[in-house]
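Written below as structure tokens is the structure these notes are about.
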Amino acid sequence: MTDVFRICSERRREGRRVIDAHIGEPSHPPPVRISEILRGIGDVGSKYMPFEGLRETRERISKFARDFLGRDIDPDGVFVTNGGAQALTSTLMVLRGRKILLPAPGFTQYFDNARIMGFSFATYNSAAEDPVDEILGKLGDAGAVLINYPNNPTGFVPEKDVLMELWDELRRRNVLLINDAAYSQIYFDSRPEVPGDVIIDTFSKTFGVPGLRLGYVYWGLEERKKIFDAVYITSAGVSEISQIVLNSLLDSLTEDYLEKVRSHYKRKRDKIIELMEDFSFPHPRGAFYIFASHKKLRDSKELALRLLQRDPAVGIVPGDVFMGDRGSFRICYSLLSDDEAEEMVEIILEEIHKM
């Protein structure tokens, strides 16, 4: 995925047009302008902050969980992080002694962390209609399961009540549930449940501010010092400015704002589904991705390279990056206008028929 991003950036520097369907970047504005928040910030940065995060920030995250995740979480179990990436890495550092069951297709950093840390993992089908049977059937000797719904890269969400049933079954087996809730607020039907002994989250997608690197871990387990130590050694805490900005964003968050965000992506989702009638894909019920295959496509890496040579260049991400089928690929439709989406699908089909 980083190679596609790099080549698309090079094409743009060359003065060529690029259709950005490769990078999972949101396209909605935050509920309040960041420049307005920054103008109200006085002298900051001269003192060390609490490494687990400002108390007022942790309390606001606890309220966010209650109001928008449907979870009652203790602020003392919240650890503020530099985005979801640090939340994920810190969690996996603490749990790396356990075998972990990971979703596939799934977010690339799950597998990057496994490679770097050397922990043992197995995979389950993240788009299975019955995730309870799928996960329990693949569980084996895993001591933890990681879920991510709405899913990156498929946008898939299970039916209501299924995830709570899964958590109940895992608790009976003394298996931890880790929930990557990055897209919890971008859904198109009923609100997804957010079960889990551990929640890792980012506000990049909720507020459309990926450049601010705002996230958290909720550690619903004992021995909180372990996650504190992991957060500390990977960053020594989140900047005071970032936490002040996050406090203002959380104070401004309303259900009406989130409904507008969902409507924004649902319209884009409906358009891309209409355009891609020749493709197969799990039905995307949230996030802003589609994970597609075509009966004539065998190698999405070759397709991705062909698309990068076009003018305009088109960025997609091959399926094997997500531990998915090599005949599948991910499209992020967040940044695409209707005209760009139509042009992109035409170009992709043209290249597939040449292969």
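Here are a few things to note about the model shown:
- For segment 113-128, the count of residues that are touching a Pro at 6+ places or on another chain (Cβ under 9 Å), assigned to a loop (DSSP other than H, G, I, E, B), open to solvent by 50 Å² or more (accessible area, probe 1.4 Å) and touching a residue at least 12 places away in the same chain (Cβ under 8 Å) is zero.
- Selection from segment 1-49 of residues that are farther than 22 Å from residue 84 by Cβ, open to solvent by less than 40 Å² (accessible area, probe 1.4 Å) and not polar (S, T, N, Q): 7, 8, 11, 18, 19, 41
- All conditions but one from (1) open to solvent by 10 Å² or more (accessible area, probe 1.4 Å); (2) within 15 Å of residue 98 (Cα to Cα); (3) not aromatic (Phe, Trp, Tyr) apply to residue 172; the one that does not is (2).
- Of all the numbered requirements in (1) part of a helix (DSSP H, G or I); (2) without any contact (Cβ under 8 Å) to a residue 12 or more places away in the chain; (3) over 20 Å from the mean Cα position of the chain (by Cα), residue 273 misses one, and that requirement is (2).
- Counting only strands (runs of 3 or more DSSP E) that sit completely within segment 1-104, those holding 3 or more residues that are over 30 Å from residue 316 (Cβ atoms) and hydrophobic (A, V, I, L, M, F, W, C) correspond to 78-81.
- Scope segment 319-353; condition open to solvent by less than 10 Å² (accessible area, probe 1.4 Å) and part of a strand (DSSP E or B); matching residues: 329, 330, 331, 332
- Subset tally (residues that are of a type outside the set (Asp, Glu), without any contact (Cβ under 8 Å) to a residue 60 or more places away in the chain and assigned to a loop (DSSP other than H, G, I, E, B)) for segment 297-314: 4
- Qualifying residue in segment 222-235 (condition: touching a residue at least 12 places away in the same chain (Cβ under 8 Å), aliphatic (A, V, I, L, M) and either assigned to a loop (DSSP other than H, G, I, E, B) or surrounded by fewer than 21 Cβ atoms within 10 Å (Cβ to Cβ) (or both)): no
- Some residue of segment 298-314 being buried (at least 22 other Cβ atoms within 10 Å of the Cβ) and closer than 23 Å to residue 125 by Cα: yes
- Of all the numbered requirements in (1) closer than 15 Å to residue 3 by Cβ; (2) open to solvent by 10 Å² or more (accessible area, probe 1.4 Å); (3) in contact with a Ser or Thr (Cβ under 9 Å, 6 or more places away or on another chain), residue 264 misses one, and that requirement is (1).
- Any hit, segment 50-66, residues being closer than 25 Å to residue 174 by Cα, modelled with pLDDT of 95 or more and surrounded by 13 or more Cβ atoms within 10 Å (Cβ to Cβ): yes
- Count of segment 286-296 residues which are touching a Lys or Arg at 6+ places or on another chain (Cβ under 9 Å) and either free of Cβ contacts under 8 Å to residues at least 24 places away in the same chain or small (Gly, Ala, Ser) (or both): 3
- From 101, 92, residue being open to solvent by less than 20 Å² (accessible area, probe 1.4 Å) and either in contact with a Lys or Arg (Cβ under 9 Å, 6 or more places away or on another chain) or farther than 30 Å from residue 258 by Cβ (or both): 101
- Filter result for residue 180 (under 26 Å from residue 228 (Cα atoms), among the acidic types (Asp, Glu), open to solvent by 10 Å² or more (accessible area, probe 1.4 Å) and at pLDDT 95 or above): yes
- Residues in segment 169-200 that are farther than 22 Å from residue 263 by Cβ and in a strand (DSSP E or B): 176, 177, 178, 179, 180, 198, 199, 200.
The values are calculated or read from the model by the stated rules, or taken from the named source; none is laboratory data. Predicted model only: the values in this text are computed from it and were never measured. In this analysis, Cβ positions are derived from the backbone assuming ideal geometry, glycine residues included, and neighbour counts consider all displayed protein chains. Heads up: the accessible areas ignore ligands, DNA and RNA and are worked out on the full protein's heavy atoms, side chains in. Shrake-Rupley method; radii C 1.70, N 1.55, O 1.52, S 1.80 Å.
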